[in-house]
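Before any comments, here is the structure.
Here, each number is a calculation from the coordinates, and none is a lab measurement. Remember, it's a predicted structure, so these values are computed and weren't measured experimentally. Counting neighbours? That spans all protein chains shown, and the Cβs are built from the backbone with ideal geometry, glycine included.
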Amino acid sequence: MPNHRKSDTTHRLQGTWRKDRHGGGRDWPVDTTLDPAVIPESVAWLADDKRAVDFWHRMAPVLHRHGLLTQLDVMAFALMAHLYGEWRELSERLDRDGHIITYQRGLRTVTKPNPVASMVRKVERMLFGLMEQFGMSPKARKSLGVEIHGDAGNALDEFTSKARYFSTER
């Protein structure tokens, strides 16, 4: 498996960025319109999804505190919050209806796997991919060079421990 080139952002986060190797003579662009002290606000289209908004309010401060969430990341984080809300809704439906469904087709009784289970797995894969991008797994944090201590680590660990369906091998 080939080693993929690290992005300039990853080199900067890890402290390995060098102007002579990575910059090509260019300086790191500075956007003066972004205030790193301000936690990004939730986007308006998430307002109807209570679970997504709760996820945003619980995780945004933690990620922002460690430099993993800025104004530039709002849309990706909003998508992750939306997927989290969708995943929770589908998981609860699967818990309620069960993994096997039975129904009548004419005179026959048909038993088959609940199609919601495959929907849950698809949303999990998408959600887990975004979680990796935001350093929400030990491996991702290590690759980004982010150490989390105290309440921030506990919040991330609490979130991932509740995500009992997360698996990339399904």
Sorted by Cβ neighbour density within 10 Å, fewest at the top, the residues W17, W45: W45, W17
Between L107 and H4, what length in nm is gained on full extension when 0.36 nm per residue of separation is reduced by their alpha carbon distance? 31.4 nm
Cα→Cβ-extended label distance, 7 Å offset, between K139 and K122, nm: 2.4 nm
Taking only the alpha-carbon atoms of the stretch 36-162, what semi-axes of the equivalent ellipsoid follow from 5 times the gyration tensor eigenvalues under a square root, in whole Å, largest first? 35, 16, 11
The extension gain from A44 to T16, computed as 0.36 nm times the residue separation minus the Cα-Cα distance, is 6.3 nm
May I ask you to sort T9, T70, T111 by Cβ crowding, counting other Cβ atoms within 10 Å and putting the fewest first? T111, T9, T70
Collect residues whose amide H, placed 1.01 Å from N in the peptide plane, falls under 5 Å from the amide H of I101; neighbours closer than 5 in sequence don't count. K112, N114
HN-Hα couplings for the stretch 91-96 via Karplus (6.51, -1.76, 1.60; θ = phi - 60°), in whole Hz with x for Gly/Pro, come out as 5, 5, 5, 5, 4, 5
For the stretch 119-132, 3J(HN,Hα) per residue [Karplus equation, 6.51 cos²θ - 1.76 cosθ + 1.60, θ = phi - 60°, Hz, x = Gly/Pro]: 5, 4, 5, 5, 5, 4, 4, 5, 5, 5, x, 5, 4, 4
Under a point spin-label approximation (7 Å from Cα along Cα-to-Cβ), what is the N114-E92 distance to one decimal in nm? 1.4 nm
